[in-house]
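Right, one structure below, let's go through it.
The values are calculated or read from the model by the stated rules, or taken from the named source; none is laboratory data. This one's a predicted model, so the numbers in the text were calculated from it and none came from an experiment. Here the Cβ is made from the backbone with ideal geometry for all residues, glycine too, and neighbour counts use every protein chain on show. Heads up: the accessible areas ignore ligands, DNA and RNA and are worked out on the full protein's heavy atoms, side chains in. Shrake-Rupley method; radii C 1.70, N 1.55, O 1.52, S 1.80 Å.
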Amino acid sequence: MTVVAFDRLRQGFLKRPKVQGGPIMVKNITIFTTNTCAYCHMVKKYLGIKGINYEEVNLDEHPNRQAEAMEISGTMTVPVTVVTKQDETKEVIIGYNLARLAPAVA
Amino acid sequence: MSDKETQVPKHDVIIIGSGPAGLTAAIYTTREDIETLMFERGAVGGLAAVTDKIDNYPGFPEGVEGLKLADDLRKQAERFGAVIELGEVTAISDEGEYKRLETTSGDMLAKAILVATGSDYKKIGVPGEQEFYARGVHYCATCDGAFYRDKKLAVVGGGNSAIQETIFLTRFASHIDLLVRSTIKASDVLQQELEEYVKNGKVTVHLATSTQNIVGDTSGVKSVTTQKDGKNKEFEVDGVFVFVGLLPNTQFLKPTPIRLDEIGFVITDQNLHTSMPGVFACGDVRCGATMQIASAAGEGATAALKIREYLEGHMHPIQN
Ligand SMILES: Cc1cc2nc3c(=O)[nH]c(=O)nc-3n(C[C@H](O)[C@H](O)[C@H](O)COP(=O)(O)OP(=O)(O)OC[C@H]3O[C@@H](n4cnc5c(N)ncnc54)[C@H](O)[C@@H]3O)c2cc1C
């Protein structure tokens, strides 16, 4: 048997993506969550510490938006964080992945 | 020492991991006025935070939600001054009075380290498992179960976690095939609870059934093939949840002289002291741990008190 990191999505933790050109300002952030998901709480906690506003779509309360989360992420997992920049480009972060989340919202 | 070196932050204690073991240790060290920094790379509360409901932690006659217990432990540790840094410890080394930690927030020095890194899920290692990860293959029911409302699922495993998670998933799934390689090894209480779902047709248990292959297409998982008594059988499912055991989070300790057992669990003496002076270990990561929240918390308390003795310079080493 081989080991799986508990949240494999965080495997990119130490690989910070290269930033090209100057950073583009964040316009808004949407997080798809569920009530029982501990990693959703971590994403919200991180943004809270940084004083960053976000819109939360709780899929337990809005199951009709599940298909939207799946389409955006290509997965059946939460959290899915969608960072929309001022130039309308979007960055989608699947799972609690600080190496991607931190620069995306900086 | 270079200017850069003198700027390396120094701490009394650094606790790696904020599961029940680490958080309990932090409650004790901070109440003893020992300055304490914690590192957490995943969810604060560890595996307790991803468990739906905990029925066997003392003091909660009606049980407690894992997330709530995790949050309350965090608040209690923070109330006494523990600081939780969201980041990962990637290496440690012994520099005498201080130990050096390489972390995602830079290098740090600590007089004592507590390894409370717990363990992570094992893979089954069958074709399709990697390919459909998070698109039909999952390891966390409380995270991903909600995507399977009125859908058919397979759960692989037969221990406490597998049965507990199967019961949790019944709130979403229309039917669950529980694929158990040998026999069910969960506690009697959990088995009795499972029996209710077997009786009402929500769960079907398949013993002596080994999972062979997870099959699907671009839209996700379609089926699981299994083998029993040499015969193949296919189960049509929309998703597979895997709970086949845990392995210790000790990769970062492998290059150190800290003794690990053959699986990778940390070997300690009765003081929870590892073979590197000043480095202690407690909870699920420790060789001999009973993999329970109550015992992880108990070991956290013990480790904190032993660390205090160590820092005060009167710990008596015990021969392993
Ligand atoms: C599905 C499931 C259900 C369970 N149900 C129960 C139950 O009902 N009752 C019960 O008593 N027990 C239960 N358990 C077991 C219980 O959750 C564990 O025994 C307990 O959480 C162990 O605590 P710990 O602090 O030792 O480790 P963990 O809870 O695993 O915490 C370790 C923490 O360390 C962090 N970490 C690891 N490596 C690093 C690093 N290098 N740097 C920074 N951080 C790191 C991890 O992210 C993690 O948060 C269950 C377990 C599972 C999987």
Query raised in the report: What ratio of Cα Rg to 2.2 N^0.38 Å holds for the stretch B:199-249?
Result: 1.34
Query raised in the report: Which shape class applies to chain B: rounded if a/c is under 1.5, otherwise prolate when a/b exceeds b/c and oblate if not, where a ≥ b ≥ c are the square roots of the Cα gyration tensor eigenvalues?
Result: prolate
Requested in this report: Please list the non-local residues whose amide H lies under 5 Å from the amide H of B:ALA91, H modeled 1.01 Å from N, same-chain partners needing a gap of 5 or more.
Outcome: B:GLU102
**Report entry** Rg and Dmax of the stretch B:21-60, Cα atoms only, in Å
**Finding:** 12.4, 34
Report task. Determine the dipole magnitude for the stretch A:27-106: charges of +1 sit on the beta-carbon of Lys and Arg, -1 on that of Asp and Glu, nothing else is charged, the reference point is the Cα centre, and the result goes in debye to the nearest 20. Result -> 340 debye
Query raised in the report: Using the Kirkwood radius built from alpha carbon pairs, what does the Stokes-Einstein equation give as D for the stretch B:112-158 at 37 °C and 0.692 mPa s, in µm² per second?
Result: 251 µm²/s
**Report entry** Neighbouring partner chain Cβ atoms per residue of B:136-143, average, 10 Å criterion
**Finding:** 5
**Report entry** Distance violations [Cα-Cα > 28 Å] among A:LYS90/B:LYS122; B:LYS151/B:LYS185; B:LYS122/B:LYS222; A:LYS27/B:LYS122; A:LYS44/B:LYS306
**Finding:** A:LYS90/B:LYS122; A:LYS27/B:LYS122; A:LYS44/B:LYS306
Query - Cα-based shape type of the stretch B:51-97, given that a ≥ b ≥ c are square roots of the gyration tensor eigenvalues and the cut on a/c is 1.5 - result: prolate
Requested in this report: Could you calculate the contour length gain from B:THR183 to B:GLU236, that is, 0.36 nm times the residue separation minus the distance between their Cα atoms, to one decimal place in nm?
Outcome: 16.8 nm
Report summary line: Residue-normalised value, i.e. accessible area per residue, for chain B at 1.4 Å probe, in Å², stands at 44 Å²
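Per Stokes-Einstein, at 10 °C and 1.306 mPa s, what whole-number D in µm² s⁻¹ belongs to the stretch B:183-320, with the Kirkwood radius over Cα pairs as the hydrodynamic radius?
D, rounded to a whole number, is 84 µm²/s.
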Query raised in the report: Want the number for B:GLU195 to B:THR6: 0.36 nm per residue separation, take away the alpha-carbon distance, what's left?
Result: 61.9 nm
Query - the stretch A:19-105, accessible area per residue, ligands and nucleic acids excluded (1.4 Å, Å²) - result: 46 Å²
**Report entry** Cysteines in chain B that, by Cβ-Cβ distance, have no pairing candidate under 4.7 Å
**Finding:** B:CYS282, B:CYS287
Report task. Provide the per-residue ³J(HN,Hα) series for the stretch B:234-241, in order, calculated from phi with Karplus coefficients 6.51, -1.76, 1.60 and θ = phi - 60°, each as a whole number of Hz, with x at glycine and proline positions. Result -> 10, 10, 7, 9, 9, x, 10, 10
Query - With DNA, RNA and ligands ignored, accessible area of B:LYS228 (1.4 Å probe; Å², nearest 10) - result: 90 Å²
**Report entry** Listing of the stretch A:72-106 residues, each with accessible area lower by at least 30 Å² in the full protein assembly than in the chain alone (probe 1.4 Å)
**Finding:** A:MET76, A:THR77, A:TYR96
Requested in this report: Could you calculate the FRET efficiency of B:LYS222 with A:VAL92 from 1/(1 + (r/R0)^6), where r is the beta carbon distance between them and R0 is 22 Å, rounded to 0.05?
Outcome: 0.30
Report summary line: The set of residues whose placed amide H lies less than 5 Å from the amide H of B:MET38, leaving out same-chain residues fewer than 5 positions away, is B:ILE15, B:VAL83, B:ILE84, B:GLU85
**Report entry** Other-chain or far-sequence residues with amide H under 5 Å of B:LEU260's (modelled H)
**Finding:** B:ILE267
**Report entry** Pairwise centroid distance, computed over Cα atoms, of the stretch B:129-144 with the stretch B:56-102, Å
**Finding:** 26 Å
Query raised in the report: Hey, any idea what % of the stretch B:188-317's accessible area is carbon plus sulfur with a 1.4 Å probe?
Result: 50 percent
Requested in this report: Assuming 0.890 mPa s and 25 °C, estimate D for the protein assembly as shown with Stokes-Einstein, Rh taken as the Kirkwood radius over Cα pairs, in µm²/s.
Outcome: 108 µm²/s
Query raised in the report: With θ set to phi - 60° and the Karplus curve 6.51 cos²θ - 1.76 cosθ + 1.60, what are the ³J(HN,Hα) couplings of the stretch B:59-68 in order, to the nearest whole Hz, using x for Gly and Pro?
Result: x, 10, x, 9, x, 8, 5, x, 5, 5
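I'd like the projected area of the stretch B:43-161, averaged over all directions, using the convex hull of its alpha carbons. Report it in nm² with one decimal.
The number I arrive at for the stretch B:43-161 is 11.2 nm².
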Query raised in the report: Given a 1.4 Å probe and no ligands, DNA or RNA in the count, how much accessible surface is buried by A and B, both sides, to the nearest 100 Å²?
Result: 3300 Å²
Query raised in the report: Relative to the compact globular guide of 2.2 N^0.38 Å, what is the alpha carbon radius of gyration of the stretch A:19-105, as a ratio?
Result: 1.04
Report task. Step through the residues of the stretch B:211-226 one at a time and calculate ³J(HN,Hα) from phi using the Karplus curve (6.51 cos²θ - 1.76 cosθ + 1.60, θ = phi - 60°), rounding each to whole Hz and writing x for Gly and Pro. Result -> 7, 10, 7, 10, 10, x, 9, 5, 7, x, 6, 10, 7, 10, 9, 10
Report summary line: On each of the three principal axes the extent of the alpha-carbon atoms of the stretch B:137-242, given in whole Å and largest first, is 39, 34, 23
